[in-house]
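Asker: Sharing a structure, written as structure tokens. Questions coming.
Values quoted throughout were computed directly from the atomic coordinates according to the rules given, and no laboratory measurement underlies them. Just so you know, these numbers come straight off a predicted model, no measurement behind them. Positions of Cβ are backbone-derived with ideal geometry, glycine not excepted, and every protein chain shown enters the neighbour counts.
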Amino acid sequence: MNEKNNQKSGNHQNSEVKKKTRSLLIAGNWKMYKDHKDAYVIATALKEKLADISTIRIVLCPPFTSLQSVGQAIEGSSLLLGAQDVHWEREGAFTGEISAQMLLALGCKYVIVGHSERRHLFHESNKIVNLKLKAVLKEGPLPILCVGETLQERERGKTEEVMEDQLKGAFEDLTPEDIGKIVLAYEPVWAIGTGKTATPKQANDVHLFIRRKLEEKYGPEMAAKMNILYGGSVKPENAKDLLKEQEIDGALVGGASLEVDSFEKIVRSGVDL
């Protein structure tokens with residue numbers, strides 16, 4: 001069988017695996033927007049509008065100050081609560097920081113780790129990302145680990161090198177069992193908040209590269225089960241084309257998750273895929 005046929009066969013297998021074992025996950029990252037009152041209103045509306053959807057994991061990640069109000073708003077629904085960041089220590093003299101234990105006590109099921117804005121605006125290294133992953137995994141919430149390249153790195157053909165470096169740094173000293181609990185999110189930095197979006201093929205190609213690297217190191221079974229989300233200017237207009245790609249298992253949505261109708265459309269675009 002030639003290489004082209006092998007690739008087609010692999011894509012077919014990945015598609016079948018996705019249908020059987022990888023349910024979609026769509027997370028809304030509200031960033032530093034909305035106070036606790038507005039957050040409650042939005043979450044309540046989403047709870048009502050998305051009540052009929054059971055095949056997609058839906059995660060809301062408001063600011064720390066709105067975690068309790070959003071948690072109360074979505075109580076009794078299938079919507080899940082997530083946080084945008086975490087500190088790596090369990091407690092201590094770390095003014096302004098929040099621990100994984102505190103997030104768990106508020107009902108957080110997911111925690112975003114290593115978002116590009118944390119890496120680039122707050123200079124978080126792979127080492128810090130690794131420490132945060134360990135803290136989250138120890139306490140119980142599931143981490144959504146973000147990886148992605150800048151425009152300059154993409155233009156220099158370094159996308160795959162950056163992915164490999166970030167994954168290696170983040171996964172240092174983690175057990176295969178730990179890594180199996182992680183959700184990955186590929187978010188090209190050049191497409192976050194810019195209105196630019198990787199084409200479905202561009203995004204799928206990077207997702208496939210990540211999955212192959214996971215397969216090389218941790219085996220095909222773990223690689224096949226790993227959820228890899230796409231993040232970067234996901235909107236109702238492009239969500240379905242992205243989500244129907246074989247290697248894309250959901251989305252990490254920024255600005256579009258702050259509008260009820262917009263986020264609902266994005267979530268519904270993943271139904272029946």
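Asker: What are the equivalent ellipsoid semi-axes of segment 125-254, built from the alpha-carbon gyration tensor (square roots of five times its eigenvalues), in whole angstrom, biggest first?
Answerer: Ellipsoid half-lengths, sorted descending, are 23, 16, 15 Å.
Asker: With the Cα gyration tensor of segment 230-270 in hand, give its eigenvalues times 5 under a square root as the equivalent ellipsoid semi-axes, listed largest first in whole angstrom.
Answerer: 16, 10, 7
Asker: Turning to a different aspect of this structure: Please give the charge dipole size of segment 23-268, origin at the Cα centre, charges +1 on K and R Cβ atoms and -1 on D and E Cβ atoms. Round to the nearest 20 debye.
Answerer: Here segment 23-268 has a charge dipole of around 220 debye.
Asker: OK, next. More than 15 angstrom separation, counting every C-alpha pair in segment 133-194; what % is that?
Answerer: Summing the P(r) tail past 15 Å for segment 133-194 gives 54 percent.
Asker: Build a GNM of the chain with springs between Cα atoms under 10 Å: which of 40, 218, 230 gets the top mean-square fluctuation?
Answerer: Largest GNM mean-square fluctuation: 218.
Asker: Considering only 125, 43, 87, whose Cα is most displaced toward the positive end of the charge dipole of segment 23-268, charges sitting on Cβ of Lys, Arg (+1) and Asp, Glu (-1)?
Answerer: 43
Asker: For the chain, max minus min Cα coordinate along each principal axis, in Å, sorted largest first?
Answerer: Answer, in whole Å and largest first: 59, 41, 34 Å.
Asker: Here's something else I'd like to know. If the cut-off is a Cα-Cα distance under 16 Å, which lysines reach residue 265, setting aside same-chain residues fewer than 8 apart in sequence?
Answerer: Partners within reach: 47, 49, 235, 240, 244.
Asker: Let me know the shape class of segment 72-130, please: from the alpha-carbon gyration tensor, a ≥ b ≥ c as square roots of the eigenvalues, rounded when a/c is under 1.5, otherwise prolate if a/b is greater than b/c, or oblate.
Answerer: It is oblate, given that a/c is not under 1.5 and a/b is not larger than b/c.
Asker: Place +1 on the Cβ of every Lys and Arg and -1 on the Cβ of every Asp and Glu in the chain, take the dipole about the Cα centre, and give the residue among 185, 114, 262 whose Cα lies farthest towards its positive end.
Answerer: 262
Asker: Before anything else, pin down the relative contact order of segment 23-268: Cα pairs under 8 Å, at least 6 apart, normalised by residue count, whole percent.
Answerer: 20 percent
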